[in-house]
1. Determine whether the range 317-334 contains at least one residue that is more than 22 Å from I251 (Cα to Cα), free of Cβ contacts under 8 Å to residues at least 24 places away in the same chain and either assigned to a loop (DSSP other than H, G, I, E, B) or of a type outside the set (D, E, K, R) (or both).
2. Output the residue which, of all residues in the range 323-346 that are polar (S, T, N, Q) and touching a Lys or Arg at 6+ places or on another chain (Cβ under 7 Å), is surrounded by the fewest Cβ atoms within 10 Å (Cβ to Cβ).
3. Return the only residue of D96, D119, D139 being in a helix (DSSP H, G or I) and surrounded by 19 or more Cβ atoms within 10 Å (Cβ to Cβ).
4. What about S114, is it at pLDDT 95 or above and under 22 Å from D243 (Cβ atoms)?
5. Six or more apart or on different chains, Cβ atoms under 8 Å: show the pairs whose first residue is in the range 337-348 and more than 15 Å from G285 (Cβ to Cβ) and whose second is in a loop (DSSP other than H, G, I, E, B) and of a type in the set (A, V, I, L, M, F, W, C).
6. Just give me the residues in the range 296-311 being surrounded by fewer than 15 Cβ atoms within 10 Å (Cβ to Cβ), part of a loop (DSSP other than H, G, I, E, B) and either of a type in the set (K, R) or touching a residue at least 40 places away in the same chain (Cβ under 8 Å) (or both), in sequence order.
7. Looking only at the range 152-170, how many residues end up being touching a Ser or Thr at 6+ places or on another chain (Cβ under 9 Å) and either of a type in the set (D, E, K, R) or in a helix (DSSP H, G or I) (or both)?
8. Among what's in the range 347-361 and is outside any strand (DSSP E or B) and open to solvent by 50 Å² or more (accessible area, probe 1.4 Å), pick the residue that is farthest from D245 (Cα to Cα).
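The values are calculated or read from the model by the stated rules, or taken from the named source; none is laboratory data. All of these numbers come straight from a predicted model, not from anything done at the bench. When we count neighbours, we look across all protein chains shown, and the Cβ atoms used for this are built from the backbone with ideal geometry, even at glycine. Areas reflect the complete protein model, heavy atoms only, side chains present, ligands, DNA and RNA absent. Shrake-Rupley method; radii C 1.70, N 1.55, O 1.52, S 1.80 Å.
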Amino acid sequence: MKDTALTETHKALGAKIVPFAGYSMPVSYDGVNLEHETVRKGVGVFDVSHMGEFLIEGPKALELIQKVSSNDASKLAIGKAQYSCLPNETGGIVDDLIIYRIKEETYLLVVNASNIEKDWAHISKYNETLGADLRNISDDYSLLAIQGPKAVAAMQSLTSVDLSQIKFYNFVVADFAGIDYVIISATGYTGSGGFEVYCKNNEVQQIWDKVLEAGEGFGIKPIGLAARDTLRLEMGYCLYGNDIDESTSPIEAGLGWITKFTKDFVNAENLAKEKKQGPERRLVGFELDDRGIPRQGYDIVDGQGKKIGSVTSGTMSPSLGKGIGLGYVPTIFSETGSKIHIQIRKNRVSATVVKLPFYKG
């Protein structure tokens, strides 16, 4: 297992450390529900330094990104970020990612920790004929996510930029916690506001300490990956490896909005056909009508008990106090209000397909 630059700090704070995507990561400190509520109502800080970062530069940078990603990166101005995915050649998804335009010909790609090597190989394959300058800087950089409605007020003293002016999916390169040239972005994964800070590994301890110090009067707490998962699920955000993978298309995953057919990209022709015809199945959000907790892998069944799909993500929602989940079902069951059932051990629990997000804030 790899460590992040803060692993020993998390251990000293009493975090429960688990293996995650090849890293030793803090899954919880004070308990999932408490940490979840801290982010929904106040402010929390996550160490998500396991995420991967690739730098793509040069005159061919945009051409390479346009080829391998589904969204239209030509629309990105400097200082803006974009959610996208890397389609594979067979209709599925290599990974989902965020693309930042740093300078005219410099882009930062932020990818999932478990997919760093796979993504690197995939992008490199398409770069062979283009020759963009491609660098994997994942091992050199750390990433903190400071999330919650009090994040801006709690952190404003640490920087000279007005944090309240950084709009969603925008970023600045500025001073933060005594370090120059830090990327401060608003691309949160929790649905409760806040921002992320990218810095070098040798800078992150100072930033972590100052973040906790500045946030003390606002009730800041370190937050683990378990609460990150319940927070993102309440928003209906996909998690790679659960809700999207090599076998799920962006169209059936509800990611048609990041799939732009105004350009040529990997497998665009087949995905355009799928969009036109309509997918055979769709990723839906559901709420249980009765008590129970849907878990990943549980069968989704119809009224007669016939299997029609599987739960891809599920939990007891801390904010809503009911079981919620995501899963793929045949399109006829995907309309809002449709009734499905979740097989929870021996019980068939009724559920209703709902419009996402589950948590409206």
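1. Checked the range 317-334: at least one residue is more than 22 Å from I251 (Cα to Cα), free of Cβ contacts under 8 Å to residues at least 24 places away in the same chain and either assigned to a loop (DSSP other than H, G, I, E, B) or of a type outside the set (D, E, K, R) (or both).
2. T336
3. Checking each option against the conditions leaves just D119.
4. The answer is yes for S114.
5. These pairs meet every condition: I344/I293.
6. Of everything in the range 296-311, those that are surrounded by fewer than 15 Cβ atoms within 10 Å (Cβ to Cβ), part of a loop (DSSP other than H, G, I, E, B) and either of a type in the set (K, R) or touching a residue at least 40 places away in the same chain (Cβ under 8 Å) (or both) turn out to be G305, K306.
7. Residues meeting the conditions: 3.
8. Among residues in the range 347-361 that are outside any strand (DSSP E or B) and open to solvent by 50 Å² or more (accessible area, probe 1.4 Å), the one farthest from D245 (Cα to Cα) is G361.
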